[in-house]
Every structure is written in C-alpha cells, then in structure tokens.
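Undergrad: Dropping the structure in here first, questions after.
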Amino acid sequence: LAPEQRAYLDLSPSDVWADGLGQARVDFLRGERSREIGQREGVFRRRSGVLGDAIHSTPLVVGAPSASVQGPGYSAFHARYKERRGAVYVGANDGMLHAFDAANGSELFAYVPNALVPALNLLTSPAYRHRPYVDGSPAAAEAMLNGAWRTVLVSGMGMGARGVFALDVSDPAAFGSGMGALWEFTDKDDPAIGHVSAAPRIVRLKTGVAEGVSAYRYFAIVASGVGNYARDGKDDDGAGALFLLALDKPAAAAWRAGVNYYRFTTPI
C-alpha cells in the first residue's frame, strides 16, 4: 500500500486521529475476525459475516471468451482460455468487487477501488452506519489492449464514489499475475463524471484511417451518472455527459481529454 493509503487506514473513524490500527484494519477487511468486539482484543465492529451486502450491483457471470470475436491473434487467445471456468462478479458494500468461482462459490479475488480507500476505516467502527461502496453493476468483454487480447471488466462504484474502474479478468484465478487493475477514472480526472450504477458498455470503435488501413481502439462507454453536478467545490456546470474511456490507457499515464478519453456534453 502507498503511504497515503496507509495513512487513511490508520485513522480512527471516531475521532479521525491515527490510532496505529491500520494493519489490523487491513486484516479485518480481508475477513480476519480476531479484533471484532467480543474477542479478546476486540475493538472493531462485530459482523454477522465477512461478505458485505450487494444491493444495486447486478451479478455478472463470465465464462470462456466468445468464439465469435475476430481479429489478429484472437484464435490463440481463445484457444488458451476456452476452458476457463465461469466466474461471478458482484460489487458489495464492504468496499470490494468480488470474484467467485461459479462452480463452487469460492472467492477468486476481491478488488478495492482506490477511490474508496479514504472511507474503508468506517467499516471497522462499532458505530458504523450503512453506506454504499462498490454499488454499481459490472460489464465484461474481450478487447485488444496494446496488441494483446484480454477479457476486461468495467464497473462503476454506484453511490460509493464518483467514477468507474477497469480490471483484467482474463484469468480470475490468477488475477495478481495478469494485468490486474487497468485504471480508475473518477471526478478527480474529470468533474463531469458522477455516480455510475448502470453497467458500462465495452465497444470497438474506428479511430482513423492511415494509408487506407482503418485503425480501431477499444473503449468503455459510460454515462455521467447521478450527481455529476454535485456542488463539491469543483468546477462542474451541471451538464450531462457521455464518456469514451480508452481501455488501453497505461495505468501510470494521466487521463488526457482528446488523447485517452473523450467527453460529449449533453444538456442537463
């Protein structure tokens, strides 16, 4: 974890002072229960279970890659993953998008969006009051990223935070060894993005022609969502928007309008 993330997790939710329990909070979020109230050293909220509630996130089942997709190198990608076991993806209000094995229900991985890290400490509070976290519905499709085919999942965070994130789920059983988290796009990147609950669309769009050869690129298409005009001190004018977010943006690269994302403004 980055120093800033560690600092957020080290904050007491009751008085917002560092209490040195950051590592214990990480363990709590990962399902460890020895610090819950009722245990010998219990100080955190006592849970009835370690899986948070899923309210507005519609579960998504992703199996083997589609056999109908065409493109250079796709046949090799399909051959490699055609026996891929199904996985169920759903956002929950424990701060995570969860991936479960569709055959036996075991958890394959869970992803915590960086945009939600500042609010994770609230989950450990004995006085916790329910709030949304990953409360949007995911979508997934095959896409070519920088010359390599991948299965990509994109999801909003619902009312948990303003924005969306993209993950490489080509091999959910080995998520950490793949491309992992591709990117996040939030109101820090463009103030016109709001709370996205509906599943985004993943599409292949023609971006130009060079010497008679058409160029294509894969994008996530996302509407601006709810509350993108919230008066939070940022320079937003209240207009709606449709975003095209390039799936091949390198994780370390900054979002740049007209380069790796496009925004089409619509009337309020």
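The values are calculated or read from the model by the stated rules, or taken from the named source; none is laboratory data. It should be emphasised that the depicted structure is a prediction, and the values quoted were computed from it without experimental measurement. Positions of Cβ are generated from backbone atoms using ideal geometry, with glycine treated the same way; all protein chains shown enter the neighbour counts. Accessible surface is based on the protein model in full, side chains and every heavy atom, while ligands, DNA and RNA are left aside. Shrake-Rupley method; radii C 1.70, N 1.55, O 1.52, S 1.80 Å.
Undergrad: Looking for something over 25 Å from the mean Cα position of the chain (by Cα) and open to solvent by 20 Å² or more (accessible area, probe 1.4 Å) - is there at least one such residue anywhere in the range 94-102? It would help to see each step written out before you state the result.
TA: Quick first cut of the range 94-102, residues over 25 Å from the mean Cα position of the chain (by Cα) only: none.
There is no residue in the range 94-102 that is over 25 Å from the mean Cα position of the chain (by Cα) and open to solvent by 20 Å² or more (accessible area, probe 1.4 Å).
Undergrad: What number of residues in the range 117-136 are closer than 19 Å to residue 186 by Cβ and surrounded by fewer than 21 Cβ atoms within 10 Å (Cβ to Cβ)?
TA: Qualifying residue count for the region: 5.
Undergrad: A further question follows. Kindly evaluate residue 169 against the criterion of being β-branched (Val, Ile, Thr) and crowded, with 16+ Cβ neighbours inside 10 Å.
TA: Working: β-branched (Val, Ile, Thr): yes; crowded, with 16+ Cβ neighbours inside 10 Å: yes.
It is true that residue 169 is β-branched (Val, Ile, Thr) and crowded, with 16+ Cβ neighbours inside 10 Å.
Undergrad: State which residue is modelled with the lowest pLDDT when the search covers only the range 1-38 and only residues that are closer than 13 Å to residue 124 by Cβ and open to solvent by 70 Å² or more (accessible area, probe 1.4 Å).
TA: 14
Undergrad: For the range 121-140, name all the residues that are within 24 Å of residue 246 (Cα to Cα), not in a loop (DSSP other than H, G, I, E, B) and not small (Gly, Ala, Ser).
TA: Passing the criteria: only 138.
Undergrad: How many residues are out of contact with any Ser or Thr (no Cβ under 9 Å at 6 or more places or on another chain) and either in contact (Cβ under 8 Å) with a residue 12 or more places away in the chain or assigned to a loop (DSSP other than H, G, I, E, B) (or both) if we restrict to the range 203-218? Break it down stepwise before answering.
TA: Restricting attention to the range 203-218, the residues satisfying the condition of being out of contact with any Ser or Thr (no Cβ under 9 Å at 6 or more places or on another chain) are 203-205, 209-213, 218.
Among the residues that remain, those that are also either in contact (Cβ under 8 Å) with a residue 12 or more places away in the chain or assigned to a loop (DSSP other than H, G, I, E, B) (or both) are: 203-205, 211-212, 218.
So the count comes out to 6.
Undergrad: Mind checking which residues of the range 72-83 are open to solvent by 70 Å² or more (accessible area, probe 1.4 Å) and either hydroxyl-bearing (Ser, Thr, Tyr) or in contact with a His (Cβ under 8 Å, 6 or more places away or on another chain) (or both)? Talk me through it step by step, then tell me what you get.
TA: Narrowing the range 72-83 to residues open to solvent by 70 Å² or more (accessible area, probe 1.4 Å): 72, 75, 80, 82-83.
Selection gives 75 alone.
Undergrad: If you don't mind, there's one more thing I want to ask. Give all pairs with beta carbons closer than 6 Å in which a residue from the range 243-268 that is at negative phi and among the charged types (D, E, K, R) meets a residue that is at pLDDT below 95 and outside any strand (DSSP E or B); count only pairs at least 6 apart in sequence or on separate chains.
TA: Correct list of pairs: 248/146.
Undergrad: Sticking with this one: Could you please find all residues in the range 1-25 being touching a helix residue (DSSP H, G or I) at 6+ places or on another chain (Cβ under 6 Å) and not in a strand (DSSP E or B)?
TA: The initial filter retains those residues of the range 1-25 that are touching a helix residue (DSSP H, G or I) at 6+ places or on another chain (Cβ under 6 Å), namely 5-6, 8-11, 13, 22, 25.
Matches in the range 1-25: 5, 6, 8, 9, 10, 13, 22, 25.
Undergrad: Just a yes or no: is a residue in the range 189-202 assigned to a loop (DSSP other than H, G, I, E, B), in contact (Cβ under 8 Å) with a residue 24 or more places away in the chain and acidic (Asp, Glu)?
TA: Restricting attention to the range 189-202, the residues satisfying the condition of being assigned to a loop (DSSP other than H, G, I, E, B) are 189-194, 196-200.
This time we only want the ones that are in contact (Cβ under 8 Å) with a residue 24 or more places away in the chain, so: 189-194, 196-200.
The next check asks that each one be acidic (Asp, Glu); those that pass are 189-190.
The answer is yes, given that some residue of the range 189-202 is assigned to a loop (DSSP other than H, G, I, E, B), in contact (Cβ under 8 Å) with a residue 24 or more places away in the chain and acidic (Asp, Glu).
Undergrad: For the range 141-160, check the following and say yes or no: at least one residue is out of contact with any helix residue (DSSP H, G or I) (no Cβ under 7 Å at 6 or more places or on another chain) and in a helix (DSSP H, G or I).
TA: If we filter the range 141-160 for residues that are out of contact with any helix residue (DSSP H, G or I) (no Cβ under 7 Å at 6 or more places or on another chain), which is where we start, we get 141-148, 150-156, 158-159.
Cutting the leftovers down to in a helix (DSSP H, G or I) gives us 158-159.
Within the range 141-160, one or more residues are out of contact with any helix residue (DSSP H, G or I) (no Cβ under 7 Å at 6 or more places or on another chain) and in a helix (DSSP H, G or I).
Undergrad: Might you let me know whether the range 82-91 holds any residue that is of a type in the set (Gly, Ala, Ser) and on the phi > 0 side of the Ramachandran plot? Give the derivation first.
TA: Of all residues in the range 82-91, those of a type in the set (Gly, Ala, Ser) come to 86-87, 91.
Still in the running and on the phi > 0 side of the Ramachandran plot: none.
The answer is no, given that none of the residues of the range 82-91 is of a type in the set (Gly, Ala, Ser) and on the phi > 0 side of the Ramachandran plot.
For every residue, the table says whether it meets (1) modelled with pLDDT under 95; (2) in contact with an Asp or Glu (Cβ under 6 Å, 6 or more places away or on another chain); (3) surrounded by fewer than 13 Cβ atoms within 10 Å (Cβ to Cβ).
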{"site": "54", "(1), (2), (3)": "no, no, no"}
{"site": "65", "(1), (2), (3)": "no, yes, no"}
{"site": "85", "(1), (2), (3)": "yes, no, no"}
{"site": "92", "(1), (2), (3)": "no, no, no"}
{"site": "110", "(1), (2), (3)": "no, no, no"}
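Undergrad: Hey, another quick one. Conditions: (1) modelled with pLDDT of 95 or more; (2) surrounded by fewer than 21 Cβ atoms within 10 Å (Cβ to Cβ); (3) assigned to a loop (DSSP other than H, G, I, E, B); (4) touching a Phe, Trp or Tyr at 6+ places or on another chain (Cβ under 9 Å). Residue 69 meets all but one. Number of the miss?
TA: Of everything listed in (1) modelled with pLDDT of 95 or more; (2) surrounded by fewer than 21 Cβ atoms within 10 Å (Cβ to Cβ); (3) assigned to a loop (DSSP other than H, G, I, E, B); (4) touching a Phe, Trp or Tyr at 6+ places or on another chain (Cβ under 9 Å), residue 69 misses just condition (1).
Undergrad: Does the range 154-163 contain any residue that is of a type in the set (Lys, Arg), under 23 Å from residue 257 (Cα atoms) and surrounded by fewer than 16 Cβ atoms within 10 Å (Cβ to Cβ)?
TA: If we filter the range 154-163 for residues that are of a type in the set (Lys, Arg), which is where we start, we get 162.
Now restrict to residues that are under 23 Å from residue 257 (Cα atoms): 162.
Keeping just the survivors that are surrounded by fewer than 16 Cβ atoms within 10 Å (Cβ to Cβ) gives none.
No, the range 154-163 has no match at all.
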